[in-house]
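The values are calculated or read from the model by the stated rules, or taken from the named source; none is laboratory data. Quantities reported herein were computed from a predicted structural model and do not represent experimental measurements. Glycine gets a Cβ as well: all are built from the backbone with ideal geometry, and neighbour counts include every protein chain shown. We work out accessible area using only protein heavy atoms, side chains counted, and drop any ligands, DNA or RNA first. Shrake-Rupley method; radii C 1.70, N 1.55, O 1.52, S 1.80 Å.
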Amino acid sequence: MYWNPEYETMSRDELARLQLKRLQASVERTYHSVPFYRQTFKKNNVTPGDLRTLDDLRRLPFTVKTDLRDNYPFGLFAVPQDKVVRLHASSGTTGKPIVVGYTQNDIDTWANLMARALAMAGGGKNDVVQVGYGYGLFTGGLGAHYGAERLGATVVPASGGNTSRQLMLMQDFGTTILACTPSYALYLAEEGANQGIDFTKLPLRAGVFGAEPWSERMRQQLEEKLDIVALDIYGLSEVMGPGVAMECQAKQGMHIFEDHFIAEVIDPDTGEPVPYGEPGELVITSLTKEAFPVIRYRTRDITVLNPEPCSCGRTHVRMQRVTGRSDDMLIVRGVNVFPSQIESILLEFGETQPHYLLVVDRKGTMDDLEIWVELSSEMFNDKVRLLEDLERRLRSRINSVLGISSRIKLVEPRTIPRSEGKAKRVVDKREI
Ligand code: DLL
């Protein structure tokens, strides 16, 4: 089902013309309203006027997550505050989050793109969309919510968690589309089965799953257990939120919404473009965003682009499932976690050494995070009660900064392997 047929099926030539026009206007506007971009353009000896063709985009400098952090909170906004109607935030590499803003037009565009994504899953006015992504600073909940409303569907703003209630609402309200993380969907499926729910008897027919990596194996399980079509949705706060790309029913990758974003794939080490069909880091430039435009934003997500025509009739390029990251960010139960955030907390505490190891595993359908923390020699000789207290304080601090629960394992001094090169901070045992 097309939501914006004229844009979704536009010929590649027409699309290129639209992209160039929008790109020139967006870069011009951004250059004049955001000092950061003016400076980086100057350093690289380029001006917006140098953009004569789409290929000229490569002459513009990249933007990276630390640029966002360095300009915390509003330094990269391109409109005055009275035009900003919404803020969202996601975790940065240290304690401070990355903040993004939206004008009324941005919220409108986002709602429209999320409606397009839900329509790709077969959604329409008669659907009941249960939004199980978290509501709040995270873009998942409100992003999906506005899209479902724009579609004219009935929205159930369930937010994340509270599994028994989710299952009750799903049955009583006749949910037809479920939007949440794939791991939570699997958890709902298993809890539902334990409660004796027969999903084949429910009207549920599609799942719009994203915000974390998943696999074909998980798709199979979700489709079988929930008796649905399970589709992948991609996005990131810095670029908008969910709805940057969405899989169609052909299930051969996610169409990137190229009327609003330009996608490139680069070699993360050299920054050079890689040819279609080869893996590399996804780089995105926004074409229509007003409050928080991004120019060549390095997502750190590793994927492959496929420009082949799709059997669904959409002409937008497809990205394959995200297979990894070119930095050390982890996604644990849908929450983005940087090892450096844990490190800053340990340094704050002082009673521990900044030697640590994050051990991530999947227990059943749920991610499990265990943090090994080395004690200082003085602490090591302390009473059990004091150690228990330290464990509790660390756990609670990590929970309040990162928004994620974990188990702390205090270990003897010098037990975490030292490395001569880059320290190994993560052991990820998850099979997804
Ligand atoms: O996760 C936005 C979102 C919400 C997308 C709901 C889809 C559904 P952030 O919290 O900023 O935003 O995290 C963005 O999550 O750079 C990827 O590493 C990862 N990610 C998002 N979608 C997928 C996906 C939201 N479908 C980061 N597959 C991104 C794999 C994904 N990874």
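Compute a Gaussian network model of the chain, connecting alpha carbons closer than 10 Å, and tell me which residue from GLY280, GLY140, GLY192 fluctuates the most.
Residue with maximal mean-square fluctuation among GLY280, GLY140, GLY192: GLY192.
Excluding residues fewer than 8 places away in the same chain, name every one of the lysines whose C-alpha is closer than 24 Å to that of LYS383.
Within the straight-line limit of under 24 Å, LYS383 reaches these lysines: LYS409.
What chymotrypsin sites (Phe, Trp or Tyr not before Pro) does the range 233-306 have in DSSP loop regions with at most 15 other beta carbons within 10 Å? Before the final figure, lay out the partial values.
Numbers: sites: TYR234, PHE257, PHE261, TYR276, TYR297; in loops: PHE257, TYR276.
Here the sparse-neighbourhood loop sites are TYR276.
Using Cα-Cα distances under 8 Å and only pairs 6 or more residues apart, what relative contact order does the range 177-256 have, in percent?
Working: 116 pairs, mean separation 20.4, N = 80.
Averaging sequence separation for qualifying contacts and normalising by length gives 25 percent for the range 177-256.
Just to check I understand the Karplus step: with θ = phi - 60° and J = 6.51 cos²θ - 1.76 cosθ + 1.60, what whole-Hz values come out for the range 300-315, glycine and proline as x?
Ordered by residue, 3J(HN,Hα) equals 6, 8, 8, 8, 10, 9, 10, x, 4, x, 9, 5, 7, x, 6, 9 Hz.
Of SER405, CYS310, PRO339, whose Cα points farthest to the positive end of the dipole of the range 298-432 (charges on the beta-carbon: +1 Lys, Arg; -1 Asp, Glu; origin at the Cα centre)?
The listed residue farthest towards the positive side: CYS310.
For LYS65, go through the lysines and keep the ones whose alpha-carbon is under 29 Å away, minus same-chain ones fewer than eight residues off.
LYS21, LYS42, LYS43, LYS83, LYS96, LYS289, LYS422, LYS424, LYS429
Please work out the C-alpha center-to-center distance from the range 385-410 to the range 94-127 and express it in whole Å.
Centre-to-centre (Cα) distance: 35 Å.
Which residue fluctuates most in the GNM of the chain (Cα springs below 10 Å): HIS32, HIS260, HIS355?
Taking springs between Cα atoms under 10 Å, the residue moving most is HIS32.
Is the shape of the range 122-227 rounded, prolate or oblate, going by the alpha carbon gyration tensor and its root eigenvalues a ≥ b ≥ c, with a/c under 1.5 for rounded and a/b larger than b/c for prolate?
Numbers: a/c = 1.45, a/b = 1.22, b/c = 1.19.
Judged from the Cα gyration tensor, the range 122-227 comes out rounded (a/c under 1.5).
What's the whole-number percent of alpha carbon pairs in the chain lying beyond 32 angstrom? Show your work: numbers first, answer last.
Numbers: 37340 of 93096 pairs.
It works out to 40 percent of all Cα pairs.
Along Cα→Cβ, 7 Å out, is where each label goes; now give me the distance between the ones at THR200 and LYS96 in nm to one decimal.
5.6 nm
How much mean residue ellipticity at 222 nm does the chain get from its helices, if each DSSP H run of length 4 or more adds -39500 (n - 2.57) and you divide by all residues, to the nearest 500 deg cm²/dmol? Walk me through the numbers before you get to the answer.
On the way: 12 runs with 139 residues, N = 432.
Only helices count here, giving -10000 deg cm²/dmol.
Measuring from the lowest to the highest alpha carbon on each principal axis, how far does the range 292-420 reach, largest first, in angstroms?
Principal-axis extents of the range 292-420 (Cα, largest first): 68, 33, 32 Å.
Would you mind working out the accessible area per residue for the chain, using a 1.4 Å probe, and quoting it in Å²? All intermediate terms of the calculation are to be shown ahead of the outcome.
Details: 18880 Å² over 432 residues.
Spelled out: the 1.4 Å probe surface of the chain, per residue, equals 44 Å².
Give me the distance between the Cα centres of the range 2-59 and the range 149-201, rounded to whole Å.
What the calculation gives is 40 Å, centre to centre.
Tell me the carbon and sulfur percent of the accessible area for the chain, rounded to whole percent, probe radius 1.4 Å.
Working: 9350 of 18880 Å².
Percent of accessible area from carbon and sulfur atoms in the chain: 50.
Of the GluC sites (Glu not before Pro) in the range 366-432, which ones lie in a loop per DSSP and count no more than 15 other C-beta atoms within 10 Å?
Values: sites: GLU370, GLU374, GLU378, GLU388, GLU391, GLU420, GLU431; in loops: GLU420, GLU431.
Within the range 366-432, the qualifying GluC sites (Glu not before Pro) (loop, at most 15 other Cβ atoms within 10 Å) are GLU420, GLU431.
How about the range 226-316: which trypsin sites (Lys or Arg not before Pro) there are in a DSSP loop, with at most 16 other Cβ atoms within 10 Å of their Cβ?
On the way: sites: LYS251, LYS289, ARG296, ARG298, ARG300, ARG314; in loops: LYS251, LYS289, ARG296, ARG314.
Passing sites in the range 226-316 are LYS251.
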